[in-house]
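Scroll down for the structure; my scribbles are underneath it.
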Amino acid sequence: MARKAVDVVLLPEKAMANKAIEVNAKLVENFGSEIVLNTENCLPHISLAVGCVDDKDIPAIHKILHSIAKENSLGTLIVSGVQIASVGSRTLSVFEIERTKELQSLHEKVTEMLSPYLTFDVTADMIADAEVERFTLQWISSYKEKSSYQNFAPHITIGYGEVIDRLFPIKFIASKLAFCHLGNHCTCRKILVSVEL
């Protein structure tokens, strides 16, 4: 039975996705970032829940996401600034997203409704990329414990290096709720299912 490392995500509208890709391109140019955002196989995204699933459960998850999308209204989301974090010896830049009541509620609903399907026993062969860093596996295996509920910190990862863009706040909407196969550095490599918001 095939298993995948997956991420339930919000995909930002085109203008916001393009902004993230544009800022990432500067990081790649200046720092040689290993994360190269694009609209094909490294999608700008906001993670809501991370874990591992059996392929056979994907249709059931699709139905759940469809029902969640119908029942939840997110409204406008806001990038409030850049957060710089250390990942080993490297610097990682992310766009911080304001944690609104609606966004927190959506995160909790996704976490609860998918909990029968998500496990955290990730192995490198569940990742979409051939090369997998230890950090990637650690992030996935500890996600529920370290990044859920009161620890939920919505963000869009921009890449390795320090973002100097300071044009905030940025208002945007999320256009889709999607379920993606995770790649190295917890990138969204492939949309497995998605529903319009």
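Values quoted throughout were computed directly from the atomic coordinates according to the rules given, and no laboratory measurement underlies them. Keep in mind the model is a prediction, meaning the values are calculated, not measured. Methodologically, a virtual Cβ is constructed for each residue, glycine included, from the backbone with ideal geometry; neighbour enumeration extends over all protein chains shown.
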Going down the list LYS4/LYS171; LYS63/LYS176; LYS101/LYS146; LYS19/LYS70, which pairs span over 24 Å between their C-alpha atoms? LYS4/LYS171; LYS19/LYS70
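Would you mind ranking ILE140, ILE164, ILE158 so that the residue whose beta carbon has the fewest other beta carbons within 10 Å leads the list?
Working: ILE140 23, ILE164 11, ILE158 27.
Listing ILE140, ILE164, ILE158 from fewest to most nearby Cβ atoms yields ILE164, ILE140, ILE158.
In a shell of Cβ-Cβ distance under 13 Å around VAL53, excluding VAL53 itself, what net charge do Lys and Arg (+1) and Asp and Glu (-1) give?
Values: positive: ARG3, LYS4, LYS56; negative: ASP7, ASP54, ASP55, ASP57, ASP121.
Counting the neighbours of VAL53, the net charge comes to -2.
Taking the Cα centre of region 3-196 as origin and charging only Cβ (+1 Lys, Arg; -1 Asp, Glu), how large is the dipole, in debye to the nearest 20? Please list the in-between numbers first.
Working: 20 positive and 24 negative charges, 66 e Å.
In total the dipole reaches around 320 debye.
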Among SER67, SER47, SER89, which one moves the most in a GNM of the chain with springs linking Cα atoms closer than 10 Å? SER89
Just want the answer: with Cβ charges of +1 for Lys and Arg and -1 for Asp and Glu, which residue in SER175, GLY88, THR111 is farthest toward the dipole's positive end in region 68-191? SER175
Could you please rank VAL53, VAL82, VAL9, VAL36, placing first whichever residue has the fewest other Cβ atoms within 10 Å of its Cβ? VAL36, VAL82, VAL53, VAL9
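Please get the size of the charge dipole for region 92-177, origin at its Cα centre, with Cβ charges of +1 on Lys and Arg and -1 on Asp and Glu, quoted in debye to the nearest 20. Mind showing how you got there, number by number?
Details: 9 positive and 13 negative charges, 80 e Å.
About 380 debye.
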Separation in nanometres of the label points that stand 7 Å from Cα toward Cβ, at GLN83 and GLU196: 3.2 nm
When only C-alpha pairs under 8 Å and at least 6 residues apart count, what is the relative contact order of the chain, in percent? 37 percent
Give me the number: length gained by fully extending LYS101 to ASN41, i.e. 0.36 nm times residue separation minus the C-alpha to C-alpha distance, one decimal in nm. 18.6 nm
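Determine, for MET113, MET16, MET126, the number of other Cβ atoms within 10 Å of each Cβ, and report the residues in order from fewest to most.
On the way: MET113 16, MET16 22, MET126 19.
With the fewest neighbours first, MET113, MET16, MET126 line up as MET113, MET126, MET16.
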